[in-house]
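Colleague: First the structure, then my questions, so here it is.
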Amino acid sequence: MVAADARSAVEAVWRIESGRLIAGLVRMVRDVSLAEDVAQDALAEALEQWPASGVPRNPGAWLTAVAKRRAIDHWRRLENRERKYAEVAHRLGTESTFGEIDIEALDNPIDDDLLRLIFIACHPVLAQPAQVALTLRMLGGLSTEEIARAFLVSTPTIAQRIVRAKKTLSAANVPFEVPSRPEFPERLGSVLGAVYLIFNEGYSATAGEDWMRPALCQEALRLGRILAELVPGEAEAHALVALMEIQASRIGARTTAAGEPILLMDQDRSRWDQLLIRRGLAALRRAEALGGAPGSYALQAAIAACHARAAEGVDTDWPRIATLYGALSRLTASPVVELNRAVALSMAEGPQAGLDVADALAAAGRLDGYHLLPAVRADLLVKLGRMQEACDEFERAAAQTDNERERALLTERAVEAARSAQAARS
């Protein structure tokens, strides 16, 4: 195997397997930092061996087996930790050679280790921002830079949160277990938030060559469905599932065969997955039946449902969507939500109404460096015929995104706006 091909294969496997690998290792070694360390050791060994030997039949189990051996070696090296080594070695097994390890058994954990790890990462000994950052780093396979963009904060800030979170969990000797039901309420909000951020990274990748990472969407949906059944009386859990089901229904229509993005209003809605839409609408009805004021996920799911019910883009109930975004903005005070409200207002009342909201956000500086703000402003400026301004904004947005597909789309639109501006001057 060519070295470059092997590295690409390892990176692809790591993207898919890292969350489950680390979760399983935490269950085994009972130490988050050690689990990450030995997982990284296994990754390094794969980079050394796979170019010569090829990708194994079950790469996830191969990585788990290597990481397991490294964990045992770690305990053996620490003379003053013999008791701990004996405990861990008994739990993991003490096979002396790689060939004796039961690969298939390692790849089939009895319990849902990913869900357990989310509950560990969202333990109340951690502040909520640290809970979500740690979850995304370990389970979502997101880089520190990607998490920083999701939080709209600096990369060093996120790095510090993650390091401190690991140390806090270790010092508190947090057990590797799903909490008892009375403990659910104090963790559920953070758990739901972490699952949705994992879904979002899959739905709209913040970096890399691909517009989407569907495997992350699928994993987040799986975890969300489990959570909803664990807490059947929690409306927001069902609402989150509804939101993810409906959004996931569009995945097959969001790119061309070449992987180029297709924006929502340009999508072929016959390619939307009707089964996922039905499941999403059913989950939304279940959330609404539980009563109470709608929460963040319920409002977002209601917005997604408006899109799902429209057979064509022109049939979309934009006034209702704008109203729902207004309620969501008041609830969350999020500038990103307010930017989405600007788009909805532009569709319901005209582009100037949306641009007024977007301009206010730009003036407040709350979304500095967030590429979707200039992208939205550019789109609204195009509709108002202000092509040179639109070109400048598209170029600014392209410079701020780290997703290559998105950058190419924004650059293309900048060129189109420049051409229109030039034609208007001629």
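Colleague: Any residue that is surrounded by fewer than 20 Cβ atoms within 10 Å (Cβ to Cβ), touching a Lys or Arg at 6+ places or on another chain (Cβ under 8 Å) and modelled with pLDDT of 75 or more - is there at least one of those in the range 24-32?
Modeller: Scanning the range 24-32 turns up no residue that is surrounded by fewer than 20 Cβ atoms within 10 Å (Cβ to Cβ), touching a Lys or Arg at 6+ places or on another chain (Cβ under 8 Å) and modelled with pLDDT of 75 or more.
Colleague: Restricting to helices (runs of 4 or more DSSP H) lying wholly in the range 144-259: which have 1 or more residues that are farther than 17 Å from A283 by Cα and modelled with pLDDT under 85?
Modeller: 144-151, 155-172, 184-203, 214-230
Colleague: Starting from the range 399-426, take each residue that is without any contact (Cβ under 8 Å) to a residue 40 or more places away in the chain and list its partners that are among the polar types (S, T, N, Q), counting only C-beta distances under 7 angstrom and pairs at least six apart or across chains.
Modeller: As it stands, the answer is R407/T401; L410/T401; A421/Q388, since those pairs meet every condition given.
Colleague: OK, next. Among the helices (runs of 4 or more DSSP H) confined wholly to the range 310-426, which include 3 or more residues that are touching a strand residue (DSSP E or B) at 6+ places or on another chain (Cβ under 7 Å)?
Modeller: 404-425
Colleague: On the basis of being in a helix (DSSP H, G or I), surrounded by fewer than 20 Cβ atoms within 10 Å (Cβ to Cβ), basic (K, R) and under 14 Å from the mean Cα position of the chain (by Cα), does R278 make the cut?
Modeller: no
Colleague: Identify, by number, the condition in (1) out of contact with any Pro (no Cβ under 7 Å at 6 or more places or on another chain); (2) more than 22 Å from A301 (Cβ to Cβ) that L361 doesn't meet.
Modeller: L361 satisfies every listed condition except (1).
Residues checked against (1) crowded, with 17+ Cβ neighbours inside 10 Å; (2) at pLDDT 95 or above; (3) under 26 Å from the mean Cα position of the chain (by Cα):
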{"position": "G313", "(1), (2), (3)": "no, no, no"}
{"position": "L324", "(1), (2), (3)": "yes, yes, yes"}
{"position": "L331", "(1), (2), (3)": "no, yes, yes"}
{"position": "R341", "(1), (2), (3)": "yes, yes, yes"}
{"position": "A348", "(1), (2), (3)": "yes, yes, no"}
{"position": "D356", "(1), (2), (3)": "no, yes, no"}
{"position": "F394", "(1), (2), (3)": "yes, yes, yes"}
{"position": "N403", "(1), (2), (3)": "yes, no, yes"}
{"position": "A408", "(1), (2), (3)": "no, no, yes"}
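Colleague: Quick one: A105 ticks every box in (1) surrounded by fewer than 15 Cβ atoms within 10 Å (Cβ to Cβ); (2) at pLDDT 75 or above; (3) among the hydrophobic types (A, V, I, L, M, F, W, C); (4) within 30 Å of I226 (Cβ to Cβ) except a single one, so which number is it?
Modeller: Here A105 meets the rest and fails (2).
The values are calculated or read from the model by the stated rules, or taken from the named source; none is laboratory data. As the structure is a prediction and not an experimental result, all values here were calculated from the model. So basically every Cβ, Gly included, is an ideal-geometry build from the backbone, and we count neighbours across all protein chains shown.
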